[in-house]
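Before any comments, here is the structure.
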Amino acid sequence: MVTAVSVLVLLAAGVAASPAMADTAQAQAQDVYEVLGTATPQLRTAVARTGVDILTATNESTTIVGSAAQAEQLRKLGFVVESRGPVETQGLPEVAPAAITDFPSGDEGYHTFAEATAALQAAQQNFPAIAKLSSVGQSYQGRAMNLIKISDNVATDENEPEVLFTCNMHAREHLTTEMCLRIVERFTTGYATNAAIKNMVDTREIYLIPNMNPDGSEYDISGGRYHSWRKNRQGNGTDPNRNWSYKWGCCGGSSTSPTNETYRGPSAFSAPETKSVSDWVNSRKIGGVQQIKTHIDFHTYSELVLWPFGYTYNPTAPGMTAAEAQKFQTLGKQMAATNGYTAEQSSGLYITDGDINDWMWGNHKILSFCFEMYPKGGNPGFYPPDEAIAPQTARNDKAVDLIIGAAV
Ligand code: LU0
Ligand code: CA
Ligand code: CA
Ligand code: CA
Ligand code: ZN
């Protein structure tokens, strides 16, 4: 990313801002590298700790975006690191950020923030008895943190188990916004004709936050091209999935450096987006009882079903008994059997601290999963063509039904 500060520095030095700069926080050349032999979560965590941007991680290799210096650092750690060339956005002209009308050419089937908001308003308008739109607060740049509730007698807070779906916490993971919108669409338009859907809507209160990071996702599609942007838009950006308060910054699963892709922020809930969502979840604890029972936070990509804790490799820990870990595993595997994803504890990928799932479980005992959606590997990475939206969101219909059924 060409930051305001770096532009000023460049202008002061009489240098034009280079169009070859990638949209990463560091104003250095960024290449894609394949780090070979990352066979264990410990090795993948070691890669993550160098501060590179991890695109995908498997037992065979971990694909990253980083600088030549970071590649060298990894080699010094003993990894075989192969260059895969420049990131796709490099070399393209830096277009002045224009008003966003839609996704880059060919991908218009994705919803911009305005289009997503319009879809939620339409759901409320067309199904006022079962859909109610509100907001939990505002993003850093002042966009509404939209919240939609779907249930019978929607205006009344009934004594029904509550389920939460959150999407698009990471800016460039646009397929996840479409996932939330599909759930809204399916449970509203299906209500009148589909008995199973009617039953779920009548017996549960289903909440969705389709845009957890609206500033980031709008930035990511600005100027008619993609920017590979992950974080929010506060300063150099905070990684919203390292900013939750449960064991925030505890365990080397996030960075203290503002330019790092996993920057955790100066304090837990320093990001207005995580603050407002967590305040709202806290408000669902009524008479000492948390109403939300189950939760999926959708990400891309790798085709995984992940559960807490992320901060430790241990399956059990204070706040996670063997029986509870078993419950996560059983439901996680059951859901994964319906969509063909791989199910594992979150730290089986790499260590994270301050993520949403650890907080949901650690603080509220909400059965909270992370789904890493399509694709499995680096191609097409974060930017599947819009033709992938329908099949890849429908792929999770059964898992969605299972997590709703698990809210008791
Ligand atoms: O936040 C992340 O690093 C997630 C995975 C964790 C929830 C375990 N991966 S992502 O950033 O590539 N979506
Ligand atoms: Ca569109
Ligand atoms: Ca109801
Ligand atoms: Ca209720
Ligand atoms: Zn993500």
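The values are calculated or read from the model by the stated rules, or taken from the named source; none is laboratory data. None of the values given here were measured: they were computed from a predicted structure. No Cβ is skipped: glycine too gets one built from the backbone with ideal geometry, and neighbour counts run over all protein chains shown. In case anyone asks, the SASA skips ligands and DNA or RNA and just uses the protein heavy atoms, side chains included. Shrake-Rupley method; radii C 1.70, N 1.55, O 1.52, S 1.80 Å.
Worth pointing out:
- Across the chain, the relative contact order, built from alpha-carbon pairs under 8 Å that are at least six residues apart, equals 17 percent.
- Choice from LEU349, LEU77, LEU43 showing the highest fluctuation, given a GNM over the chain with Cα pairs closer than 10 Å: LEU77
- Straight-line reach from LYS293: taking Cα to Cα under 22 Å and skipping same-chain neighbours fewer than 8 places apart, the lysines in range are LYS132, LYS149, LYS198, LYS247, LYS275, LYS285, LYS327, LYS333, LYS365, LYS398.
- Unpaired Cys in the chain, meaning no second Cys C-beta under 4.7 Å: CYS370.
- Segment ALA196..GLN125, full-extension length gain: 23.3 nm, with 0.36 nm per residue of separation and the alpha-carbon distance subtracted.
- Measuring r between the beta carbons of LYS327 and ALA114 and using R0 = 51 Å, the FRET efficiency lands at 0.80.
- Whole-Å distance, taken between Cα centres, linking segment 156-171 and segment 25-86: 35 Å
- Ranked by the mean number of other Cβ atoms within 10 Å of their residues, highest first, the peptides 32-38, 80-86 fall in the order 32-38, 80-86.
- Around ARG242: net Lys/Arg minus Asp/Glu count, Cβ-Cβ under 12 Å: -1
- Both radii come from the Cα set of the chain: Rg as radius of gyration, Rh as Kirkwood radius; their ratio Rg/Rh reads 0.96.
- The chain, helix-only ellipticity at 222 nm - DSSP H runs n ≥ 4, -39,500 (n - 2.57), divided by all residues, nearest 500: -9000 deg cm²/dmol
- Selected from TYR263, TYR140, SER61, residue furthest toward positive end of dipole (the chain; charges at beta carbon): TYR263
- Packing rank of 285-294, 210-219, where each peptide gets the mean count of other beta carbons within 10 Å, highest leading: 210-219, 285-294
- GLU205 long-range amide H proximity, modeled H, under 5 Å: GLU162, VAL163
- A straight line joining the Cα centroids of segment 98-123 and segment 267-311 runs 25 Å.
- On segment 249-408, 56 percent of the accessible area sits on carbon and sulfur atoms, based on a 1.4 Å probe.
- Using C-alpha pairs below 8 Å separated by at least 6 residues, the relative contact order for segment 110-267 is 22 percent.
- Given their separation in residues at 0.36 nm each and the Cα-Cα distance between them, VAL408 and THR203 gain 72.8 nm when the chain is fully extended.
- Once the chain from LYS365 to SER257 is taken as fully extended at 0.36 nm per residue, the excess over their C-alpha distance is 35.8 nm.
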